[in-house]
Amino acid sequence: MATETQPDRTGLPEGVAPAGAVSMEELALAARNHGMPLEGLRYDLTPVGLHYLLIHFDIPHLDETAWALSVRGRVRRSLELTLEQVWSRPAVTLPVTMECAGNGRARLDPRPISQPWLHEAVGTAEWTGTPLAPILDEAGVLDDAVEVVFTGHDRGVQGDVEHHYERSLTVDEARRDDVLLAYAVNGQPLPPQHGYPLRLLVPGWYGMTHVKWLRAVTVVAEPFTGYQQVDSYRLRQSKEEPGDPVTRIRVRALMVPPGIPDFLTRRRVLTAGECLLEGRAWSGTAPVTQVEVSTDAGATWRPAELGQPLGRHAWAPWSYRWTAVPGDHVLCCRASDADGNTQPVDQPWNVEGMANNMVQRLPVRVDPPRR
C-alpha cells in the first residue's frame, strides 16, 4: 500500500521497511523505471520497449553532432572520438542478458528502500558496438594503471553526494574482447533511455556496470573511490560495513506465469490438465547446466528440459510438462551453473537488496475442467 510518508519502520535499521509497505518516493521510482513483464520471457530477444530499465538521475539530452568521447588519464596519448569515428571502427554484435543488481529486492523482509523490483528487472538484447580493448591499446595504457573509470553524462545526488554516474573496472576486465562501446540495440540506434549515443556493455556483469551516456573513459593508477563504486552496490549487513562489491550476475531461472491473471493481485488461474511450464535461465559466471521445477512450493524438484543458450552471455530456454490437478499450488524454478552454484530457496539478506537470486514462487489456482 502506498502512503504519502515513509512507512513506519520502528525497530528496523535505517534504509529498510516492512515487507509490502511502499512509500510515495518508491512509487515514483517504480513509475519512472520499468521491468520486463514476465510473459516477455517467451521472446529470444527482448523487444527494446519491454527490456528492463533503471535510470538513476535524468536522461541527458545529447546532440550527437557535438558529442565526443574522451579517453584520458594514465595513457601515452589522450584520444577524443566523435560518434562517426566510433562507428567507423570494427563492429561486434552480441546477444547479452542484462539484469539489475537489485532485481527481487522487494521480496526481502525487511525490504531495502529503493527501486522496488519484484522479478522483472531483466532482458536480453543484441547489442552492437566496437570493442574497447583496441581503443585502450591505441591510447597506450601505462604500466602503473590499475583501473578504467567510465563516466556518464547523467548527474544527480545520491547519499548526499552530487556526482556524475561513474563505475570502474580493472584494466584486465576492461580489456576483455567482449567489452563493447555500444551504439545500437536490436539493430536500431540506442534510444535515449538506453544510453544514446554510446554506452558501455560488460557481458556477465549486473546492470550497474553498463554505464550509459558515456562521456569519458579514464585510466587511473589507484582504485576508483566514487560513490557508485564504494558507497553503493555493496553486499553488507549494515551501512557501516564496507562490504563486498557486486560484480557478476548470479545464476537464476524465471518462469512465464501460466494461465491467466487476476487484474489486481496477478494471481494465476488455469484449467486442470496438461500445462507447459517454460522460462529462461542464465548466469554471469558459468554456463547454466540444469533447471529444476517444483509444483509443491519447493518440497520436491524435478528436472526441466534445458535448451541451448542464445549466446555465450545470453539466457537459455527451459520447459517442463506439468499435469495440473485442481487446487492451489505454488510453482517454483531454480537453475544451477557449471561452477556448482544453485539458486537459494531463501535469500541471505543484505542492506541494499543486491544480487538477490532466490527461487521464484508463483501461486496458481487450478480449476476443474469445464463441462
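The values are calculated or read from the model by the stated rules, or taken from the named source; none is laboratory data. Every value quoted in this text rests on a predicted model; they were computed, and no experiment measured them. Here the Cβ is made from the backbone with ideal geometry for all residues, glycine too, and neighbour counts use every protein chain on show.
Scanning for something among the aliphatic types (A, V, I, L, M), under 30 Å from Asp160 (Cβ atoms), touching a strand residue (DSSP E or B) at 6+ places or on another chain (Cβ under 9 Å) and surrounded by 21 or more Cβ atoms within 10 Å (Cβ to Cβ), does the range 122-137 turn up at least one residue?
First, pick out the residues of the range 122-137 that are among the aliphatic types (A, V, I, L, M): 122, 125, 132-133, 135-136.
Narrowing the set further to residues that are under 30 Å from Asp160 (Cβ atoms) leaves none.
Within the range 122-137 (the criterion being among the aliphatic types (A, V, I, L, M), under 30 Å from Asp160 (Cβ atoms), touching a strand residue (DSSP E or B) at 6+ places or on another chain (Cβ under 9 Å) and surrounded by 21 or more Cβ atoms within 10 Å (Cβ to Cβ)), the answer is no, since none of the residues qualifies.
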Quick one: which of Trp318, Trp349 is aromatic (Phe, Trp, Tyr) and either assigned to a strand (DSSP E or B) or out of contact with any Pro (no Cβ under 9 Å at 6 or more places or on another chain) (or both)?
-> Trp318
Can you name the number of the only condition in (1) over 16 Å from His51 (Cβ atoms); (2) touching a residue at least 12 places away in the same chain (Cβ under 8 Å); (3) of a type in the set (Ser, Thr, Tyr) that Thr124 fails?
-> (1)
Going by the conditions given, is Asp178 assigned to a loop (DSSP other than H, G, I, E, B) and either more than 20 Å from Ile59 (Cα to Cα) or of a type in the set (Gly, Ala, Ser) (or both)?
-> yes
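Give the residue, chosen from Asp178, Asp154, Asp143, that is of a type outside the set (A, V, I, L, M, F, W, C), surrounded by fewer than 19 Cβ atoms within 10 Å (Cβ to Cβ) and more than 12 Å from Leu200 (Cα to Cα). Outline the logic, then answer.
Values: Asp178 fails: more than 12 Å from Leu200 (Cα to Cα); Asp154 fails: surrounded by fewer than 19 Cβ atoms within 10 Å (Cβ to Cβ).
Among Asp178, Asp154, Asp143, only Asp143 is of a type outside the set (A, V, I, L, M, F, W, C), surrounded by fewer than 19 Cβ atoms within 10 Å (Cβ to Cβ) and more than 12 Å from Leu200 (Cα to Cα).
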Which residue out of Trp67, Trp87, Trp117 is surrounded by 20 or more Cβ atoms within 10 Å (Cβ to Cβ) and among the aromatic types (Phe, Trp, Tyr)?
-> Trp117
Exactly one of Leu254, Leu306, Leu276 is of a type in the set (A, V, I, L, M, F, W, C), in contact (Cβ under 8 Å) with a residue 12 or more places away in the chain, touching a Phe, Trp or Tyr at 6+ places or on another chain (Cβ under 6 Å) and at negative phi, and that residue is Leu306
State whether one or more residues within the range 106-117 are modelled with pLDDT under 95 and assigned to a helix (DSSP H, G or I).
-> yes
Residue among Ala355, Ala304, Ala272 that alone is more than 30 Å from Ser238 (Cα to Cα), surrounded by 20 or more Cβ atoms within 10 Å (Cβ to Cβ) and among the small types (Gly, Ala, Ser) = Ala304
Just give me the residues in the range 93-117 being under 20 Å from His56 (Cβ atoms) and of a type in the set (S, T, N, Q), in sequence order.
-> Asn103, Ser114, Gln115
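If you take just the strands (runs of 3 or more DSSP E) that sit entirely in the range 195-297, which of them hold at least 3 residues that are assigned by TED's automatic domain parsing to the domain that holds Leu181 and over 24 Å from Gly40 (Cα atoms)? Step through it out loud before you land on a result.
Details: elements: 199-201, 214-220, 252-255, 268-271, 273-282, 288-294.
By residue number, 214-220.
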Kindly establish whether Asn350 is crowded, with 19+ Cβ neighbours inside 10 Å and either touching a Leu at 6+ places or on another chain (Cβ under 8 Å) or basic (Lys, Arg) (or both).
-> yes
